[in-house]
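The values are calculated or read from the model by the stated rules, or taken from the named source; none is laboratory data. Values in this document were obtained by computation on a predicted structure and should not be read as measured data. Here Cβ is always computed from backbone atoms with ideal geometry, including for glycine, and neighbour counts include all displayed protein chains.
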Amino acid sequence: MTTVLNVSSVSRSFGDRAVLKNVSFAVGGGKLTGFVGANGAGKTTTMRIILGVLAADTGEVTLGGTPLTREVRQRFGYMPEERGLYPKMTVHDQIVYLGRLHGLSSSAAEDRTKKLLERLGLGERAGEKLEKLSLGNQQRAQVAAALVHDPEVLVLDEPFSGLDPIAVETMVEVLRDRAATGAPVLFSSHQLELVERLCDDLVIIADGGIRAAGDRATLRAQHAEPRYQLQVDTDAGWLRDQPGVTLIDLDGPRAVFRLQDGFDDQKVLLAALERGPVRSFGPVVPTLTEIFREVVR
């Protein structure tokens, strides 16, 4: 069973500075939702309000339509951007300790810790103090701390920071497994290409307000101007004189262009075929980076 986490009309100010302005979005159960924005856009403040670390000035956060209480939030998993584990404790001992704080029995905490550390590639480092680990392995330990109690909701602030590509893939598998249980999973990241590859849904925030939110296909349809790409064997400069075509980029046989509203793209294809072989032709799918630039400018 999936449950939706809803952030509704949340605002927050520090003194006379408005940090969040009527922020609303949903994190679907069973989905990975990427939360992207520039530094200072409001991502961390929003996450802290979800977790109850900060209070909203106005608005509310609900889970399955019910306002969050302290007891409900205890079933959340949270990974802060700043590493918050104890550097002098061993990885094993502190993950077990945190599991016990969340109400697990000693045996359950031990079992969950062992499985998580093995899954995250830290099994052989379990007996080492956290401060002896690389930054990437410390990041893995943070994720284990957020997952040890089988959270119903998972909120992670920059979980992929400092990870090598293999560690990223391991982390992704773990997060997908958590989402597969029906849990809403929200994470922030500055790595837009990674977010685009991983996420089911996206939320874009800028200057404390939500600029776009939804699944990738919807965002592409709403915020990206349709473009086409053509690859031929000869120079594609003839497109400059083609009716209904506006060139965006031309590099010898490769061209990217826009079409006037209602103009049939097949006319461009036929014109290209009259001039020789066509190696590729079709719409250009905008990247998250392009959508991000479009909605925040």
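Structure notes:
- Out of Arg275, Arg211, sole residue that is within 30 Å of Ser13 (Cα to Cα) and not hydrophobic (A, V, I, L, M, F, W, C): Arg211
- Selection count, the range 58-78, where residues are part of a strand (DSSP E or B), exposed (fewer than 14 other Cβ atoms within 10 Å of the Cβ) and among the polar types (S, T, N, Q): 2
- Residue satisfying all of: in the range 248-284; touching a helix residue (DSSP H, G or I) at 6+ places or on another chain (Cβ under 7 Å) and among the aliphatic types (A, V, I, L, M); surrounded by the most Cβ atoms within 10 Å (Cβ to Cβ) among these: Ala255
Every residue, every condition in (1) closer than 18 Å to Leu154 by Cβ; (2) assigned to a helix (DSSP H, G or I); (3) basic (Lys, Arg), yes or no:
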residue: Leu20; (1), (2), (3): no, no, no
residue: Phe35; (1), (2), (3): yes, no, no
residue: Ala56; (1), (2), (3): no, no, no
residue: Tyr86; (1), (2), (3): no, no, no
residue: Glu110; (1), (2), (3): no, yes, no
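- Residues within the range 187-222 that are out of contact with any Lys or Arg (no Cβ under 9 Å at 6 or more places or on another chain) and under 30 Å from Asp264 (Cβ atoms), tallied: 9
- Candidate set: the range 173-196, residues that are out of contact with any strand residue (DSSP E or B) (no Cβ under 8 Å at 6 or more places or on another chain) and modelled with pLDDT of 90 or more; chosen: the one surrounded by the fewest Cβ atoms within 10 Å (Cβ to Cβ): Ala180
- Condition met for Val143 (surrounded by fewer than 18 Cβ atoms within 10 Å (Cβ to Cβ) and either among the aromatic types (Phe, Trp, Tyr) or touching a Leu at 6+ places or on another chain (Cβ under 8 Å) (or both)): no
- One residue stands out in the range 51-77 among those that are touching a Pro at 6+ places or on another chain (Cβ under 8 Å) and not hydrophobic (A, V, I, L, M, F, W, C): the one that is modelled with the lowest pLDDT, namely Arg75.
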